[in-house]
Amino acid sequence: MKRIFASLAALALLSTGPAAAQGWGDSFSPGQARDAVRDGRTVPLSRIFSMLKQQYGGYQLGADLVSKRSGGAEYHIDWMTADGRKMRFVVDAQSGAITDRRGA
C-alpha cells in the first residue's frame, strides 16, 4: 500500500514549471505518465525509486517525467541520500538506466 501511495504521490509531483524553467523537454501530465507506464513505454517510477534506495539509501524529494528533445523520455529525480547529500539523477525512462547524476 505504501508503494502505491508513493507512486501516486510522485506522479502528482509532475508539473511543467520546473522542467520548462531549466530548459528540459516538456513534462508529462500525471495522466500521460500513467499511460506511458501502462503501455510499457516507461519503467514505473516505483522501480526507479527502489533502485536508488538500494544504491544510495535515503528517499525521493521530487520527480518529473519529461520528453527528451531527441525522442523518448527521462525521469529527473531529486534524491536525499542516507548520508544527507542531495543528489539529482537523470534516468532513461525506457530502460531505467541512470544517465546522469550530480550533487545538487
Inset, instruction - Identify all residues within the stretch 51-79 that are in contact (Cβ under 8 Å) with a residue 12 or more places away in the chain and either touching a Lys or Arg at 6+ places or on another chain (Cβ under 6 Å) or not in a strand (DSSP E or B) (or both); write none if there are none. - result: 51, 52, 56, 57, 58, 68, 69, 72, 74, 78
Inset, instruction - Hey, could you check the stretch 12-55 for residues that are of a type in the set (Ser, Thr, Tyr) and within 13 Å of residue 67 (Cα to Cα) and say which is modelled with the lowest pLDDT? - result: 16
Inset, instruction - Taking residue 79 as meeting all but one of (1) under 16 Å from residue 99 (Cβ atoms); (2) modelled with pLDDT of 95 or more; (3) exposed (fewer than 13 other Cβ atoms within 10 Å of the Cβ); (4) not basic (Lys, Arg), write down the number of the exception. - result: (3)
Legend entry - Residue ID - surrounded by the most Cβ atoms within 10 Å (Cβ to Cβ), chosen from residues in the stretch 25-45 that are part of a loop (DSSP other than H, G, I, E, B) and in contact (Cβ under 8 Å) with a residue 12 or more places away in the chain: 42
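The values are calculated or read from the model by the stated rules, or taken from the named source; none is laboratory data. None of these values were measured; they are calculated from a predicted model. Counting neighbours? That spans all protein chains shown, and the Cβs are built from the backbone with ideal geometry, glycine included.
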